[in-house]
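What follows is a set of notes on a single structure, which appears directly below.
The values are calculated or read from the model by the stated rules, or taken from the named source; none is laboratory data. Note that this is a predicted model, so its numbers are computed, not measured. Don't worry about glycine lacking a Cβ; one is built from the backbone with ideal geometry, like all the others, and counts go over all protein chains shown. Areas reflect the complete protein model, heavy atoms only, side chains present, ligands, DNA and RNA absent. Shrake-Rupley method; radii C 1.70, N 1.55, O 1.52, S 1.80 Å.
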Amino acid sequence: MSDSEEDDDDDDGESGTSGGQGGSSFTSIFDSLIAGFLRVWSFLRGAADMLNIPSPSFPAARSQQRVAASGQSGRNKVALKPGHSLMDWIRFSKSATDLTGLRGRLIEVTQEELQRHNTRNDCWTCIRGMVYNVTPYMDYHPGGEEELMKAAGIDGTDLFDQVHRWVNYESMLKECLVGRMATAVIKAAVPSSPQSSLAPPMSMAAPTEKDSRPRYDWFQTDATVNLVVYAKRKIPSSGCTTVDLEGGALRLEVVLGNMSYMIHLRLADDVEGNVAVHNVPLVGKIQVSIRKQAKGKWSSLGLPLELHNTFLRKKDRALHYRDCVLVSKTEVNHNTHVFRLQLPRGTVMHVPVGKHVYLKALAQGTEVVRPYTPVDQSLVGAPQDPDLYLMIKVYPDGVLSSHLSSLHVGDCLPVSGPEGTFSLRPLRDVTDLYLFAAGTGFTPMARLIQLALQDMDAIRKTKLLFLNRREEDILWRRQLDKLAAHSDRFQVDYVLSDPCEGWTGRTGRVDESMLQDFLTRPHGSKCYVCVCGPAAFTELTMGLLKQQGFSEEELHAFQG
């Protein structure tokens, strides 16, 4: 996804990317992929000739700090006034200015009192039982005044969770705290009380069939303890399970569509730090194996911890972070680096295609969170390993990216589990895949391109329209050109908004005529379009695509 801080231009955004300026390791990124692709293609063509199979024109009949499904955008950013960035808000909120109008007093707020503060110049809102005066934040809010006013004078918890569940509002708005609601029922994103026993899973929105909820069991040998989850449905071969083992506490989350099943236990005895996970996709079985520190029999698996054995909507599950270690930081081009992050010893996590993770850090006493999309190890010339590879564009005034740029090898960084609503399911029957990327919005497209060409033969054509400000900003240009030259199934077009004098390619910004020229709908085809970039670019492009007749089911916006 495009992971933006203050991104108003086509190439603005914080996320993973790579560029043609990136040295020998990045020069070979696509070379090995192309060489392998050509070998396989040559073999298949040779086999077809031997068997006298006619060659078809195409192979036999997919491819945006929170993601929107089916192109639905939960958040629209607006252009902020100069001096109203996140860093400016942090400075302003720390300036000892009275932001509540109460001179430091905290009060109990009745429902009637809250409702009286519902105007642009006097706006209070309630989030999880705490009332904030958001009037001074109006001009700093990336979503604009209109979005904040939707929660004016009312409990805005649900509205907040729809868009900002991952934001630490308590830190961001602590100087705006008015007080606590007097009698209102507090709306919470997730239940807060732990299960007191190993009871059947609770569900906030379980599937209709009672027995369709996952369950778990365990068994042991003298040397190992093994936990088995039965999902009661087919599961992906990887990516749906995240395991964290730390200090004797085991946290296992299984994501099943838009639902999340979690096991959370204090293990009965000491174990080694490594965890092994084995999936049986067709029967929906997940086995987690851990070695005991001392051989022997356990009388129980352990004691339940908070939210143990629960089955919730994924969006209602609070983010969980683990501290990852920065292993290396490699320059890609003039403002982009690859950050290699090593997961803790007891963590097993795979980020599926189209998903992202959140990074968080403290900046001047305020917690800042941003989403970043990992890239595949093979795309950065690295061996296959469990580490995370994030390509991050560094902004001089970016709050989080500047902090990340200052990190040294060995420093720790909190990283969430996989998030996002992107699904491969709509791509099953797609024949033509169109990708629109602006700047660092290219990040999720890199893995989609790889997937479409290597694993999805039904996709006859994958076309990328890649928009940037200047020619030196184009990421992976040499590799993309080479891939397009050797594969009839892939095409890339570049667009520059600030081209140099010798540029002969497309120029300008995305508009109706550009889309009409780029998009085609071959007879009998099934199309799918993905868009990623700064919020203004994504909103404009999605609107133009709908004007071109694309339905919600044919669109996906990676939201930044």
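Out of all the residues in region 271-285, which are among the small types (Gly, Ala, Ser), under 21 Å from LYS314 (Cβ atoms) and surrounded by fewer than 18 Cβ atoms within 10 Å (Cβ to Cβ)?
Scanning region 271-285 gives no hits.
Which residues, taken from region 264-309, are assigned to a loop (DSSP other than H, G, I, E, B) and among the hydroxyl-bearing types (Ser, Thr, Tyr)?
Correct list: SER299, SER300.
Scan region 330-353 and give yes if some residue there is at pLDDT 95 or above, at negative phi and among the acidic types (Asp, Glu), otherwise no.
no
Kindly indicate whether any position in region 118-125 is modelled with pLDDT under 90 and either under 31 Å from the mean Cα position of the chain (by Cα) or over 30 Å from VAL283 (Cα atoms) (or both).
Within region 118-125, none of the residues are modelled with pLDDT under 90 and either under 31 Å from the mean Cα position of the chain (by Cα) or over 30 Å from VAL283 (Cα atoms) (or both).
Just to verify a result, which residue in region 286-299, among those that are touching a His at 6+ places or on another chain (Cβ under 9 Å) and open to solvent by less than 20 Å² (accessible area, probe 1.4 Å), is farthest from ALA249 (Cα to Cα)?
Checked region 286-299; the qualifying residue farthest from ALA249 (Cα to Cα) is ILE286.
Can you name every residue in region 315-364 that is open to solvent by less than 30 Å² (accessible area, probe 1.4 Å) and among the charged types (D, E, K, R)?
If the condition is that a residue be open to solvent by less than 30 Å² (accessible area, probe 1.4 Å) and among the charged types (D, E, K, R), then ASP316, ARG317, ARG322 are the ones that fit.
Collect the residues in region 227-270 that are more than 19 Å from HIS320 (Cβ to Cβ), among the polar types (S, T, N, Q) and open to solvent by less than 10 Å² (accessible area, probe 1.4 Å), keeping them in residue-number order.
Within region 227-270, none qualify.
Please give the strands (runs of 3 or more DSSP E) falling wholly within region 395-509 in which 2 or more residues are farther than 25 Å from VAL255 by Cβ and either modelled with pLDDT of 90 or more or open to solvent by 20 Å² or more (accessible area, probe 1.4 Å) (or both).
432-438, 461-468, 490-496
What number goes with the only condition from (1) in a strand (DSSP E or B); (2) open to solvent by 10 Å² or more (accessible area, probe 1.4 Å); (3) under 16 Å from LEU341 (Cβ atoms) that GLU367 does not pass?
With (1) in a strand (DSSP E or B); (2) open to solvent by 10 Å² or more (accessible area, probe 1.4 Å); (3) under 16 Å from LEU341 (Cβ atoms) applied to GLU367, the lone miss is (3).
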